[in-house]
Amino acid sequence: LGGSARWKAPELFTMPATKPHRTADVFSFGCVLFFAVSGKRPLEELDRGMIKSLRRRGVRLKLRWPLDIQLIGQCQVMVDQATAPNPQMRPSMQQVCEDLLQWSEVRQAH
């Protein structure tokens, strides 16, 4: 299975022979959202080899948000949920879409 270590769900490192579940895509989307909002690559303080090694050992790697980001509230909650280490704790992509639509409705109301 291909993909960049920064964007891959942890279970893809600990169970590489297992067919990926949709929740792995939710994890990757959370990483993309983090990048879009923060301007930082996920886990940019670690090199690829270190990410792979830590993930294989089951170490939870937390994204580091810059302190000066204004859109951090709802976005950080969504990213944290989407990048949960336990795939069963991640929202479905449908739930992510519904939450994003609510953000749009809140912005239009103001």
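Round to the nearest 0.05 the FRET efficiency obtained for residue 56 and residue 103 when R0 = 30 Å and r is the Cβ-Cβ distance.
Numbers: r = 35 Å, r/R0 = 1.17.
In this case the efficiency is close to 0.30.
If you take the alpha carbon atoms of the chain and fit the smallest convex hull around them, that volume is 100 Å³ per residue.
Relative to the dominant Cα principal axis of the chain, helix 93-109 is inclined by about 30°.
Distance between the modelled labels on residue 45 and residue 92, one decimal in nanometres: 3.6 nm (7 Å Cα→Cβ projection).
Residues in the range 42-58 carry Karplus couplings, in order, of x, 6, 5, 7, 10, 7, 4, x, 5, 4, 4, 4, 5, 4, 4, 7, x Hz; the curve used is 6.51 cos²θ - 1.76 cosθ + 1.60 with θ = phi - 60°, and Gly or Pro positions show x. Here's the list of aspartates and glutamates a cross-link from residue 40 could span, going by alpha-carbon distance under 16 Å and ignoring same-chain residues fewer than 8 apart: 68, 80. Net charge of the neighbourhood of residue 63, taken over other residues with C-beta under 13 Å away and scored Lys/Arg +1, Asp/Glu -1, is +3.
Heavy atoms only, probe 1.4 Å: what % of the accessible area of the chain goes to carbon and sulfur, would you let me know?
Details: 3950 of 7270 Å².
Looking at the chain in its full context, I get 54 percent from C and S.
Under the definition of Cα pairs under 8 Å and six or more residues apart, what whole-number percent is the relative contact order of the range 1-93?
Numbers: 101 pairs, mean separation 36.0, N = 93.
Over the range 1-93, the number comes to 39 percent.
In this simple spin-label approximation, residue 67 and residue 15 carry label points 7 Å from Cα along the Cα→Cβ vector, and these lie 4.0 nm apart.
The values are calculated or read from the model by the stated rules, or taken from the named source; none is laboratory data. Owing to the predicted nature of the structure, the values given are computational and were not obtained by experimental measurement. For neighbour counting, all protein chains shown are included, and Cβ atoms are generated from backbone atoms with ideal geometry for every residue, glycine included. All accessible areas refer to the heavy atoms of the entire protein, side chains included, with ligands and DNA or RNA removed. Shrake-Rupley method; radii C 1.70, N 1.55, O 1.52, S 1.80 Å.
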